[in-house]
Amino acid sequence: SLDFWRLLYALLKQIHGGKWTESDAIDNQIRFVKSALWYHGYGRPELYQLPSDGSAGSRELLLAFSWLLHRISLLEQLLARNRVKTGDETSVCTCEDDLPNSQKSTTEIAPEYGLEDRTDVRYLQWLNGRLRFQWRSLHAQHQEQCKLLHKIHLFTSGSHMDQMVGHFSVMETDLVRQPENYRQLLQLLESETMQLEAFLEWKQLEPVYWQWMETVLDNMAEEGNVCESQDAHVEKSGLPKATSRCPWADSLTGQIDRLSRDLMTLRDQLHKLVTHRKAVWCEKVKTREEELQKEGFSATARKIQESVELKLLDLTYLCAPRKNKMHGSCRLVFRGKHPASKTGFYRSVSKEPVSAVSATEVIRELQMREASLERELKQLQEECRQRLDEIAEGLDGVICISP
């Protein structure tokens, strides 16, 4: 089990992009593995109850490892992260996020906290400003990297043996300038080849592994059923023995009866309270409807209609048949020699049959996505503004000036 903990620690550290050494304390490794599994959604409580010294739990770790293989494609992610990148690559993703599921106003899902539980607004503004500054710095660095890549691709145009690419990448340019570094690159490529061969061998033997895991699960289910039957037998046979032999059984039975009566009384009180709350809520709804009819039912209906139209527009856009979205790692390829072509992306890791895509297509997709998010942001801002106006009306002696 100790070796299994270390294995999972090494694999999950690579997935999450962290550095790891064998000298790390075992309790820190186990704590990291548990937190990473919890992050990925592994919900078996027996794993999180294992001791922190790594002395037990080999079968639970085997189940967790198999769950990672199936749920997050552990081996595929490791191969993608350890892949030797000989070209200038970038990640392109035009996939849609599942926004409709999260399109709820903050007043519907946010709990009502008191003033003492709220964070200082100035601290949130400082965090927002710091995040915007770091984002702008990252954007400036990315622009500078693009300029340097453009110079390399332009100056080495026509030098590459592959006519689909036509120019050198940063690594290839460095190898031209320092040929002695090719030995290190060759070792990395050989290591990657060994990993790919091992992965192919694993794919051939994978059905055998999952058959074995089915037997492991069956054995665990049988053990669980045996334990439950033993517990049930103890519960059934324990009470009559205690009743017939123990002198305090009558008093215990009386306490259980009193507790049952108290629970029944509490249930009746809760039922009455819920009925009363529902009646009060219905009265508030009727009063609010009358107020809306008096002060401007047409304006409220118009806002609701605009919100519904926006939702229907997004629903129509999501349900419309579209081409496959681009997702994955792509190699940057300069297409400046041909006047009709522009800078594009050559698909290096992709499941789609498309071999290349132009950067203008990606920009167009991202612009459409930006417009959709802008509409959503304006709607949320309007809802927050209305909520703030309602809160400001209830404050006595306070004057609120809109920015």
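Quick note: the coordinates plus some simple rules give every number you see, no bench work behind them. Remember, it's a predicted structure, so these values are computed and weren't measured experimentally. Note: ideal-geometry Cβ built from the backbone for every residue, glycine included; neighbour counts use all protein chains shown.
Would you pull out the residues with amide H under 5 Å of Asp24's amide H, same chain only if 5 or more places away, H placed 1.01 Å from N?
none
Highest mean first, how do 190-196, 88-94 rank when packing is the count of other Cβ atoms within 10 Å averaged over residues? The partial results should precede the final answer.
Numbers: 190-196: 12.1, 88-94: 16.0.
In descending order of packing, they fall as 88-94, 190-196.
Can you give the FRET efficiency to the nearest 0.05 for Val285 and Phe65, using r as the Cβ-Cβ distance and R₀ = 51 Å?
Numbers: r = 53 Å, r/R0 = 1.04.
With R0 = 51 Å, the Cβ-Cβ based efficiency is 0.45.
What is the distance in Å between the Cα centroid of the stretch 194-210 and that of the stretch 30-88?
Centre-to-centre distance over Cα atoms comes out at 18 Å.
Once fully extended, how much extra length lies between Trp135 and Ala198, figured as 0.36 nm per residue of separation less the alpha-carbon to alpha-carbon distance? Please report the intermediate quantities before stating the final value.
Working: separation 63, 0.36 × 63 = 22.68 nm, distance 4.03 nm.
Gain in length upon complete extension: 18.6 nm.
Summing Lys, Arg as +1 and Asp, Glu as -1, what charge do residues with Cβ under 14 Å from the Cβ of Val208 carry, Val208 excluded?
Working: positive: Lys203; negative: Glu201, Glu206, Glu214.
Combined, the nearby Lys, Arg, Asp and Glu give -2.
Exceeding 24 Å between C-alpha atoms, which entries from my cross-link table qualify? They are Lys13/Lys34; Lys13/Lys85; Lys278/Lys303; Lys85/Lys147; Lys303/Lys378. Can you show the working numbers first?
On the way: Lys13/Lys34 12 Å; Lys13/Lys85 20 Å; Lys278/Lys303 27 Å; Lys85/Lys147 20 Å; Lys303/Lys378 13 Å.
Violating the 24 Å Cα-Cα cut-off are Lys278/Lys303.
What list of ³J(HN,Hα) values in whole Hz, one per residue of the stretch 50-65 in order, does the Karplus curve 6.51 cos²θ - 1.76 cosθ + 1.60 (θ = phi - 60°) give from phi, with Gly and Pro shown as x?
5, x, 7, 9, x, 8, 8, x, 5, 6, 5, 5, 5, 5, 5, 5
Local charge sum around Trp126 (other residues, Cβ-Cβ under 13 Å, Lys/Arg +1, Asp/Glu -1)? Please report the intermediate quantities before stating the final value.
Details: positive: Arg122, Arg130, Arg132; negative: Asp120.
Around Trp126, the charge tally is +2.
Would you grab the residues whose amide H sits under 5 Å from the one on Gly328? Only those 5+ places off in sequence or on another chain, please, with H modelled 1.01 Å from N.
Amide H neighbours of Gly328, under 5 Å, 5+ apart: Val92.
Let's test the formula: R0 of 45 Å, r as the Cβ-Cβ distance of Val84 and Lys311. What FRET efficiency results, to the nearest 0.05? Walk me through the numbers before you get to the answer.
Details: r = 47 Å, r/R0 = 1.04.
Efficiency for this residue pair is about 0.45.
Please compute, over every Cα-Cα pair in the stretch 357-396, the percentage with a separation greater than 14 angstrom. Mind dumping the intermediate values first?
Details: 496 of 780 pairs.
Across the stretch 357-396, Cα pairs with separations above 14 Å total 64 percent.
How much net charge surrounds Met220 when only other residues with a Cβ under 12 Å from its Cβ are counted (Lys, Arg +1; Asp, Glu -1)?
Details: positive: Arg44, Arg59; negative: Glu46, Glu60, Glu214, Asp218, Glu222, Glu223.
The answer is -4.
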